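The values are calculated or read from the model by the stated rules, or taken from the named source; none is laboratory data. Values in this document were obtained by computation on a predicted structure and should not be read as measured data. Every residue, glycine among them, receives a Cβ derived from its backbone with ideal geometry; neighbour counts consider all protein chains shown. Only protein heavy atoms, including side chains, enter the accessible area calculation; ligands, DNA and RNA are left aside. Shrake-Rupley method; radii C 1.70, N 1.55, O 1.52, S 1.80 Å.
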Amino acid sequence: MDDQAKIALLQKVIQFNTVNGNEQPLAEYLKEVLAQHHIDSQLVKFADNRTCLVAEIGNQPGKVLAFAGHMDTVATGDPAKWKYPPFSGEIVNGNIYGRGSVDMKGGLTAMVISLIQMKEAGLPKHGKVRLLLSVDEEVGGQGSMLLTQKGYADDLDAMVMGEASSNQLEYAHCGSFDYEIESFGKTAHSSRPDLGINAVANLARFIDGERTAFADAQPSPVLGKVIHSVTVFHGGEQLNSIPDYAYLKGNVRTVPECDNEETQARLQKIIDQLNKQGAQLRLKVVASFAPVVTDPHDPFINLVSDAVAATKGNKPKVIVSHGATDASRYSLAERPFSFVEYGPGDDRQSHQINEHLLVDDFLQVPTIYQKIAKKFLI
């Protein structure tokens, strides 16, 4: 596959509107592309118009390497604010524009190309390379959870997540715990607050408790401290009425030393204490992604770093991320595996208006992925 064919494939992938909830047409198209190159794949249905894709090459004994990514994107925002239509795949001054170009259709397409080129070269000679493309990563990670539950990660020895990494190699990332707190009260005239229960005031008391909820949480030697924030607060409708309902939303970036289960317990403890004092608060878990940490001395990190250096001329910076990926779901599989995150694009472009990817950056990554596979599956 020459460079023009690679770019054309990326353009086509970007042109599919896969804003979360509409991934199936792209999955079906990629299945056809792989079939044209004699690679079998499976469509794994998640919901109406939502389908994951799994493909595999290699049938000899040996290790199993996964290339993983997601097909869904966030919404475009106001299309009128884009220089070029968000599903155009327009190429201007060496950049390809479109929603998902960086997050993460560049990495996804590079992985598909890698499988095709390895298949054409009669590789791998040992082991297997598995492609895992999910739905729903941008919202709740339920696509990768489905693939995990079906056993597609149970035999993995290593995984490369193709998210944009700004030419850096990420070997660990925080978990993410999204939650909502509802506060129920009783309405009354604001001149007689004693006759009501102020849902806003009780929710504010939760925020006071949340500020110190993780003060004694053990930090991670790799990922650092737990990061927590209340990000949404709504309550009340009438200026002169005591509000009978309010809610807030928050996010906690978790670490193995204070994982998602402990995080939930700490938040629930605050609620239980306030409810004993007359509040009526209720916790709802919106989404929960576990932290993922590869041993910093794992040889797979050096292997990937060497593959990048052999292609780009210098080794990438090895870092940790405070974001979360589908690896949080895959890491729930039967046995642990080595994990790194490396993909084309500047991750600061993710979710932005006028999201764009440097074409030359994209074109180098299939070679890097193939070098990783060749070295790992010796």
Is one or more of the residues making up the range 79-97 under 22 Å from the mean Cα position of the chain (by Cα), at pLDDT 95 or above and part of a helix (DSSP H, G or I)? no
Any idea how many residues of the range 351-378 are in a helix (DSSP H, G or I) and either in contact with a strand residue (DSSP E or B) (Cβ under 7 Å, 6 or more places away or on another chain) or open to solvent by 10 Å² or more (accessible area, probe 1.4 Å) (or both)? 14
Answer residue from the range 56-71, given it is part of a loop (DSSP other than H, G, I, E, B) and touching a helix residue (DSSP H, G or I) at 6+ places or on another chain (Cβ under 8 Å) and is nearest to VAL139 (Cα to Cα) among those: MET71
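Criterion first (within 16 Å of ILE368 (Cα to Cα) and modelled with pLDDT of 95 or more) does GLU182 satisfy it? Outline the logic, then answer.
Numbers: within 16 Å of ILE368 (Cα to Cα): no; modelled with pLDDT of 95 or more: yes.
No; evaluated as a whole, the condition is false for this residue.
Scan the range 41-48 and tell me whether some residue there is in contact with a strand residue (DSSP E or B) (Cβ under 8 Å, 6 or more places away or on another chain), buried (at least 23 other Cβ atoms within 10 Å of the Cβ) and not in a loop (DSSP other than H, G, I, E, B).
No, the range 41-48 contains no residue that is in contact with a strand residue (DSSP E or B) (Cβ under 8 Å, 6 or more places away or on another chain), buried (at least 23 other Cβ atoms within 10 Å of the Cβ) and not in a loop (DSSP other than H, G, I, E, B).
Hey, among LEU203, LEU146, which residue is open to solvent by less than 50 Å² (accessible area, probe 1.4 Å), touching a residue at least 24 places away in the same chain (Cβ under 8 Å) and within 20 Å of MET104 (Cα to Cα)? It would help to see each step written out before you state the result.
Values: LEU203 fails: within 20 Å of MET104 (Cα to Cα).
The match here is LEU146.
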Of the conditions (1) over 15 Å from the mean Cα position of the chain (by Cα); (2) buried (at least 24 other Cβ atoms within 10 Å of the Cβ); (3) within 22 Å of THR254 (Cα to Cα), LEU156 clears all except one; give me its number. (3)
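Restricting attention to the range 1-40, and to residues there that are of a type in the set (D, E, K, R) and assigned to a loop (DSSP other than H, G, I, E, B), which single residue is most open to solvent (accessible area, probe 1.4 Å)?
Of all residues in the range 1-40, those of a type in the set (D, E, K, R) come to 2-3, 6, 12, 23, 28, 31-32, 40.
When the remaining residues are screened for being assigned to a loop (DSSP other than H, G, I, E, B), the result is 2, 23, 40.
Details: ASP2: 98, GLU23: 0, ASP40: 129 Å².
Among those residues, the one meeting the criterion is ASP40.
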Search result, residues across the range 269-308 that are in contact with a Ser or Thr (Cβ under 6 Å, 6 or more places away or on another chain) and under 15 Å from GLU180 (Cα atoms): LEU281
Every residue in the range 37-85 that is in contact with a Ser or Thr (Cβ under 7 Å, 6 or more places away or on another chain), in contact (Cβ under 8 Å) with a residue 60 or more places away in the chain and under 16 Å from GLY21 (Cβ atoms), please. CYS52, HIS70, MET71, ASP72, THR73
Applying the selection to the range 164-195, what residues are open to solvent by less than 20 Å² (accessible area, probe 1.4 Å), in contact with a strand residue (DSSP E or B) (Cβ under 7 Å, 6 or more places away or on another chain) and outside any strand (DSSP E or B)? SER165, CYS174
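When you go through GLY236, GLY313, GLY250, GLY323 one by one, which is the residue that is touching a residue at least 12 places away in the same chain (Cβ under 8 Å), on the phi > 0 side of the Ramachandran plot and not hydroxyl-bearing (Ser, Thr, Tyr)?
Values: GLY313 fails: touching a residue at least 12 places away in the same chain (Cβ under 8 Å); GLY250 fails: on the phi > 0 side of the Ramachandran plot; GLY323 fails: on the phi > 0 side of the Ramachandran plot.
After applying the criteria, what remains is GLY236.
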One residue is enough: does the range 112-124 have a residue meeting the conditions touching a helix residue (DSSP H, G or I) at 6+ places or on another chain (Cβ under 7 Å), more than 27 Å from LYS375 (Cβ to Cβ) and surrounded by fewer than 23 Cβ atoms within 10 Å (Cβ to Cβ)? no
Would you be able to tell me the number of residues in the range 99-135 that are touching a strand residue (DSSP E or B) at 6+ places or on another chain (Cβ under 8 Å) and either part of a helix (DSSP H, G or I) or at pLDDT below 95 (or both)? 14
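A quick yes/no check of all residues on (1) of a type in the set (Gly, Ala, Ser); (2) within 22 Å of ARG130 (Cβ to Cβ); (3) within 21 Å of the chain's Cα centre (by Cα):
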{"site": "LEU10", "(1), (2), (3)": "no, yes, yes"}
{"site": "ASN22", "(1), (2), (3)": "no, no, yes"}
{"site": "VAL33", "(1), (2), (3)": "no, yes, no"}
{"site": "GLN36", "(1), (2), (3)": "no, yes, no"}
{"site": "ASP40", "(1), (2), (3)": "no, yes, no"}
{"site": "ASN49", "(1), (2), (3)": "no, no, yes"}
{"site": "ASN59", "(1), (2), (3)": "no, yes, no"}
{"site": "GLY62", "(1), (2), (3)": "yes, yes, no"}
{"site": "LEU65", "(1), (2), (3)": "no, yes, yes"}
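Grab the strands (runs of 3 or more DSSP E) fully contained in the range 234-350, keeping just those with 1 or more residues being among the hydrophobic types (A, V, I, L, M, F, W, C), modelled with pLDDT of 95 or more and open to solvent by 40 Å² or more (accessible area, probe 1.4 Å).
Those strands (runs of 3 or more DSSP E) span 281-289, 317-321.
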